[in-house]
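Enquirer: Quick one: the structure is below, and I'll ask about it shortly.
The values are calculated or read from the model by the stated rules, or taken from the named source; none is laboratory data. Treat the numbers as computed from the prediction; the structure is a model and nothing was measured. Glycine gets a Cβ as well: all are built from the backbone with ideal geometry, and neighbour counts include every protein chain shown. We work out accessible area using only protein heavy atoms, side chains counted, and drop any ligands, DNA or RNA first. Shrake-Rupley method; radii C 1.70, N 1.55, O 1.52, S 1.80 Å.
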Amino acid sequence: METPSVDAGPNARRVAATAADDADPLASFRERFDVPGTYMDGNSLGALSTDAEASLDRAVEQWREHAVEGWTDADPDWFHYGERLGEKLAPLVGARDREVAVCGSTTANIHTLIATFYDAANDGSAANAANPGTVLVNDLDFPTDHYAIRAQLRQRGLDPDAHLTVVESDDGRTITPDAVERALRENDVDVLFLPSVFYRSGQLLDIERLTDLAHEHGAYAGFDLAHSAGVVPHSLHDRGVDFAVWCHYKYLNAGPGAIAGLFCHESNADLHPALAGWWGHEKETQFEMRHEFTPAAGAGRFQIGTIPILAAAPLDGALDVTLEAGIDRIREKSVALTDYLVDLVGTLPNSFAVGSPRAASRRGGHVAIEHPEAYRLTEALKARDVVVDFRPPNVIRVAPAPLYTGFEDVLDVIETLRGVYETRAHEEFEARSGGVT
């Protein structure tokens, strides 16, 4: 997909952006979304589609009609809901059917998978192992990853400061594979756990290389795909990734607080979940109410509590949209949109900078625009119905979600930002920090 030129004047830029939208093969998908204003915060919460709304309405009607019998009589039945959605989702992350389960929250899934793989690396009980290794993370991680990992280390009687290997960023934006390799070489690492895309800068990591590095040094390889699922294709099975977690409320548009997902490679299918719950029991004997846990086959074993149908139902319809559009076409348009955004930032005054990698192969679905007045500029944009978000200390995060965002929308963001800055309209807002994920 060709990126519109930004070299000409404002009128010519508008014409070029409109022409690019007219030629966009995914343009019609926008009609299936309710998009508030110029919406560029889909990497925090995706917009509502008619498909997601319809699948939620269907679940409500099934509840009305069947009540408790919905677990068996609804179409599709609720009893296998998580497994069915996992199979539907698997192609988007490059997994086999039984390697994906839809369950829990991202943080809860981090807890159970980190605990499971850390124990496996230490023969079942890290607290009693002679020399337990570390979990490799980095200093740019989203905080919940560290909260969960530290909690699991403490529960094993270990000092998190001594059992976390933290790869530090040289520039405050990105992490290099060489830095990860050095940390693996210099430390006894049991589990590598990194994001696929950094939530602040948008750097896209090389999962294949990092997985290979982890395995070469005897460590499991796990990833948090929260900022790539639904906008970047993955090949988790073929790349040999051991486990992964992600949410569905960002680029997959499944709604606020939507149920999350996880992946466990089939080569690890014999691992016993560290956090066992009855919904992860094998389906065939689940209602025999045995007190001894028998894990389900595949990733379904990592389910803990009963699947919340009303939190999972919108994902069903949302996946229909993404699968129809095709993850490769979504990525192609995402790259074109973010390339265009990066080019347009170059037309702003020199006080603005791009904090994301310039190369599309190293960038996820959003762009970090850096400015000392980022917070007040963000607030001024929102007051003008341009929805972006702020990340401390100086980032305006702009995410043009491909299913409902066009090139003219991206142009509108930059032209509105230019106008705000030139008229100093942002100075009407109080200078402070803050933001939501």
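Enquirer: Excluding D343 itself, calculate the net charge of residues whose Cβ lies under 12 Å from the Cβ of D343, where each Lys or Arg counts +1 and each Asp or Glu counts -1.
Expert: 0
Enquirer: Rg and Dmax in Å for segment 327-437, alpha carbons only: what are they?
Expert: Cα-based Rg and Dmax for segment 327-437 come out at 13.4, 43 Å.
Enquirer: Between the DSSP loop rule and a limit of at most 16 other Cβ atoms within 10 Å, which GluC sites (Glu not before Pro) in segment 346-437 are left?
Expert: Sparse-neighbourhood loop GluC sites (Glu not before Pro): E430.
Enquirer: With all protein chains present and a 1.4 Å probe, how do F293, F198 order by accessible area, largest first?
Expert: F293, F198
Enquirer: Using only the Cα atoms of segment 1-98, each taken as one equal point scatterer with no solvent, compute I(q) by the Debye sum, divide by I(0), and report log10 of the ratio at q = 0.15 Å⁻¹.
Expert: -0.88
Enquirer: Compute the long axis of helix 374-383 from its Cα atoms, compare it with the longest principal axis of the Cα atoms of the chain, and write down the angle in degrees, 0 to 90, nearest 10.
Expert: 80 degrees
Enquirer: If we restrict to alpha carbons, what Rg and Dmax does segment 185-249 come to, in Å?
Expert: Taking only Cα atoms of segment 185-249, I get Rg and Dmax of 11.8, 37 Å.
Enquirer: Along segment 147-160, what does the Karplus equation 6.51 cos²θ - 1.76 cosθ + 1.60 (θ = phi - 60°) give for ³J(HN,Hα), rounded to whole Hz, x for Gly and Pro?
Expert: Listing the rounded values in order: 4, 5, 5, 4, 4, 5, 5, 4, 5, 9, x, 10, 7, x Hz.
Enquirer: Follow-up question, since we're still on this one. Which residues' amide hydrogens lie under 5 Å from the amide hydrogen of N253, considering only partners 5 or more residues apart or on another chain, with H built in the peptide plane?
Expert: G46
Enquirer: Continuing with the same structure: Using a 1.4 Å probe, how large is the accessible area of R290, given in Å² and rounded to the nearest 10?
Expert: Rounded to the nearest 10, that gives 120 Å².
Enquirer: Build a GNM of the chain with springs between Cα atoms under 10 Å: which of G157, G365, G218 gets the top mean-square fluctuation?
Expert: Result: G157 has the largest fluctuation of those listed.
Enquirer: Still on this structure, I have one more. Looking at the chain as a GNM with Cα springs under 10 Å, which of P132, P314, P143 has the largest mean-square fluctuation?
Expert: Among P132, P314, P143, the largest mean-square fluctuation in the Gaussian network model of the chain belongs to P143.
Enquirer: Working from the pairwise distances between different alpha carbons, so that the mean of 1/r is found and then inverted, what is segment 265-416's Kirkwood radius in Å?
Expert: 19.1 Å
Enquirer: Return the distance in nm (one decimal) between the two label points of a simple spin-label model at D385 and R358, each offset 7 Å from Cα along Cα→Cβ.
Expert: According to this spin-label approximation, the distance is 3.6 nm.
Enquirer: Over segment 39-83, what lengths in whole Å, largest first, do the semi-axes of the equivalent ellipsoid take, defined as the square roots of 5 times the eigenvalues of the alpha-carbon gyration tensor?
Expert: Taking √(5λ) for each Cα gyration eigenvalue gives 28, 12, 7 Å.
Enquirer: Take the Cα pairs of segment 77-117, get the Kirkwood Rh, then feed it into Stokes-Einstein at 25 °C and 0.890 mPa s and tell me D in µm²/s.
Expert: 224 µm²/s
Enquirer: Could you please report the charge total around G326, scoring K, R as +1 and D, E as -1 over all other residues with beta-carbon less than 14 angstrom from its beta-carbon?
Expert: That sum, taken over residues with Cβ under 14 Å, equals -2.
Enquirer: What are the aspartates and glutamates whose alpha-carbon lies under 20 Å from the alpha-carbon of K283, with same-chain residues fewer than 8 places away excluded?
Expert: The reachable aspartates and glutamates, counting only those whose Cα sits under 20 Å from K283, are E69, D73, D75, D77, E83, E87, D97, E99, E266, D270, E292.
Enquirer: Counting only protein chains, not ligands or nucleic acids, how are R200, R209 ordered by accessible area (probe 1.4 Å), most first?
Expert: R209, R200
Enquirer: A further question follows. Quick one: check the C-alpha center-to-center distance for segment 234-274 versus segment 302-318, whole angstrom.
Expert: 14 Å
Enquirer: Still on this structure, I have one more. Based on the Kirkwood radius over alpha-carbon pairs, what value in µm²/s does the Stokes-Einstein equation return for the translational diffusion coefficient of segment 107-206 at 37 °C and 0.692 mPa s?
Expert: The Stokes-Einstein estimate is 237 µm²/s.
Enquirer: Quick one: net charge of H217's neighbours, Cβ under 12 Å, K/R +1, D/E -1?
Expert: Charge balance in the 12 Å sphere: -4.
Enquirer: If eta is 1.306 mPa s and T is 10 °C, what Stokes-Einstein diffusion coefficient results for segment 253-323, Kirkwood Rh from Cα pairs, in µm²/s?
Expert: Once the numbers are plugged in, D ends up at 117 µm²/s.
Enquirer: How many angstrom lie between the C-alpha centres of segment 136-192 and segment 45-75?
Expert: 40 Å
Enquirer: To continue, here is another question. Roughly how many percent of the accessible protein surface of the chain is carbon and sulfur, given a 1.4 Å probe and a whole-percent answer?
Expert: 48 percent
Enquirer: Can you run phi through the Karplus equation (6.51, -1.76, 1.60; θ = phi - 60°) for segment 189-196 and list ³J(HN,Hα) in whole Hz, with x for Gly and Pro?
Expert: 9, 8, 9, 9, 9, 9, x, 6
Enquirer: For segment 387-437, restrict the atom set to alpha-carbon positions and state the Rg and Dmax in Å.
Expert: In order Rg, Dmax, the Cα atoms of segment 387-437 give 12.5, 34 Å.
Enquirer: How big is the Rg/Rh ratio for segment 138-196, C-alpha atoms only, Rh by Kirkwood, two decimals?
Expert: 0.96
Enquirer: Could you give me the percent of Cα pairs per 10 Å distance bin for segment 160-314, shortest bin first, beginning at zero and ending with the bin that holds the maximum distance?
Expert: 10, 32, 34, 19, 5, 0
Enquirer: Which lysines does K333 reach when only Cα atoms under 22 Å apart count, and residues fewer than 8 places away in its own chain are ignored?
Expert: Qualifying lysines at Cα under 22 Å: K250.
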